[in-house]
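The values are calculated or read from the model by the stated rules, or taken from the named source; none is laboratory data. Since this is a predicted model, take the numbers as computed values, not measurements. All Cβ positions, even for glycine, are placed from backbone atoms using ideal geometry, and neighbour counts span all protein chains on display. Areas reflect the complete protein model, heavy atoms only, side chains present, ligands, DNA and RNA absent. Shrake-Rupley method; radii C 1.70, N 1.55, O 1.52, S 1.80 Å.
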Amino acid sequence: QVQLVESGGGLVQPGGSLRLSCAASGIIFSRYTMGWYRQAPGKRRELVAFIFSDGNTKYADSVKGRFTISRDNAKNTMYLQMNSLDPEDTAVYYCNRAPYTFDSWGQGTQVTVSS
């Protein structure tokens with residue numbers, strides 16, 4: 001069964017950068033469109049970026065131009081480079097299939113943007 005492990009979160013000042021990683025196992029990773037989701041306190045989980053198996057990408061308007069999603073199919077790993085971070089980006093970040101998710105979710109990685 002699928003296992004997703006997110007890492008790389010932390011506390012960063014506004015304007016700073018972080019790089020998140022998602023390690024996937026139990027699936028043929030290269031076959032799937034994968035995405036990064038986030039959930040802020042009191043808000044619904046939202047899809048912020050996704051990447052097709054061929055490397056094409058899509059972004060939510062709120063992160064376009066600041067976040068870059070990428071994947072390494074040989075390593076079954078996906079990344080999210082986040083630049084120009086804003087306090088509004090504070091959330092727990094998750095990876096999963098997109099837009100139709102697997103039933104199983106990882107524990108997520110907390111990103112906090114604060115001075």
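Exactly one residue out of V92, V113 is in contact (Cβ under 8 Å) with a residue 40 or more places away in the chain and more than 15 Å from the chain's Cα centre (by Cα): that is V113. Count of the stretch 38-53 residues, restricted to those that are among the polar types (S, T, N, Q) and either outside any strand (DSSP E or B) or loosely packed, with under 14 Cβ neighbours inside 10 Å (or both), is 1.
Answer with yes or no whether K64 is farther than 20 Å from G108 by Cα and either assigned to a strand (DSSP E or B) or among the hydrophobic types (A, V, I, L, M, F, W, C) (or both). No. Scanning the stretch 59-70 for residues that are open to solvent by 50 Å² or more (accessible area, probe 1.4 Å) and aliphatic (A, V, I, L, M) turns up nothing. Filtering the stretch 1-37 to residues that are open to solvent by less than 20 Å² (accessible area, probe 1.4 Å), out of contact with any Leu (no Cβ under 9 Å at 6 or more places or on another chain) and of a type in the set (F, W, Y) leaves only F29. Among the conditions (1) open to solvent by 60 Å² or more (accessible area, probe 1.4 Å); (2) in contact with a Phe, Trp or Tyr (Cβ under 8 Å, 6 or more places away or on another chain); (3) under 16 Å from R19 (Cα atoms), S84 misses just one, which is (2). The residue list N56, N73 contains one member that is touching a residue at least 40 places away in the same chain (Cβ under 8 Å), over 17 Å from E6 (Cβ atoms), open to solvent by 30 Å² or more (accessible area, probe 1.4 Å) and over 11 Å from the mean Cα position of the chain (by Cα), which is N73. With the condition kept exactly as written, say whether any residue in the stretch 86-100 is at pLDDT below 95 and out of contact with any Ser or Thr (no Cβ under 7 Å at 6 or more places or on another chain). Looking through the stretch 86-100, at least one residue is at pLDDT below 95 and out of contact with any Ser or Thr (no Cβ under 7 Å at 6 or more places or on another chain).
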